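In what follows, a structure is listed as structure tokens, so that the remarks can point back to it.
Read the figures in this text as sums done on the coordinates, not as results from a lab. Everything quoted here is computed from the prediction, not taken from an experiment. Cβ coordinates were reconstructed from backbone atoms using ideal geometry, including for glycine residues, and neighbour counts include every protein chain displayed.
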Amino acid sequence: MATGSSARTDILDAAQARFARQGFDGTTIKLIAADAGVNSALLYYYFRDKERLYQAVLDRLVQEMVRRGVRRLEAPGTPEERLRGFLELQGEIFGGHPHFYPLLLRELVDHAAARAVEQIKLVAATMFRRLCEVVEQGQREGAFRGDLDPRFAAISCVSMVAHFFTARPAIGLFLGHSTQGPPRAVVQAYLRHAADFAIAALSAPNLAPARARLKGSAR
């Protein structure tokens with residue numbers, strides 16, 4: 001049986017998967033303990049109750065996303081380059097944590113985000129704010145359209161990738177695969193498309209034709 005920090009990690013991993021599949025109300029401590037290969041007493045040693053365990057699962061996922069997302073948005077480069085890097089990172093995070101969006105979607109549908117308010121506020125105050133600032137910088141520099149609300153533009157950019165992973169079973173069928181979703185190569189191709197699509201939508205009108213010509217000549 002795992003002990004120490006590995007036991008805590010095993011519990012969080014098991015809880016993350018269970019909460020994503022069955023939601024908060026449909027998940028029990030007994031099921032999580034069995035999935036993690038520990039007894040309930042050890043689980044309660046690390047987490048006083050199911051509520052605290054649920055919060056720990058959300059904190060771990062959201063804090064990793066925020067940390068990596070802010071780092072990518074603050075990396076050297078133009079607003080376009082940082083936006084592209086951020087969207088690629090979203091794909092890495094959601095692909096590496098397949099339970100992330102099912103878990104969050106269940107929370108939104110079942111509880112109107114009541115148990116994730118603090119985590120969402122953290123995203124809003126850090127990563128989302130920084131993404132808006134990248135859009136605003138692009139607007140000041142003339143690379144992005146100035147008639148767009150940066151907040152709406154940021155939401156649109158995030159949504160393109162988020163929906164792809166949330167609707168993965170349906171997307172898999174749309175693209176001729178299975179409910180397991182499209183293969184990795186197709187996912188990577190979609191992430192490139194999402195970045196191209198976002199940048200094309202944001203680009204100032206006088207720059208869009210020039211970029212299209214440059215892209216065509218590079219082929």
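So the values come out like this:
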read-out	value
Tilt relative to the chain, helix 208-217 - C-alpha long axis, 0 to 90 degrees, to 10	90 degrees
Neighbour-count order for 44, 101, fewest beta carbons within 10 angstrom listed first	44, 101
Ranking of 151, 82 by count of other Cβ atoms within 10 Å, fewest first	151, 82
Residue exposure sequence - 51, 107, 81, 136 - by fewest surrounding Cβ within 10 Å	51, 81, 136, 107
Helix axis angle, 184-202 relative to the chain longest principal axis, alpha carbon, degrees	50 degrees
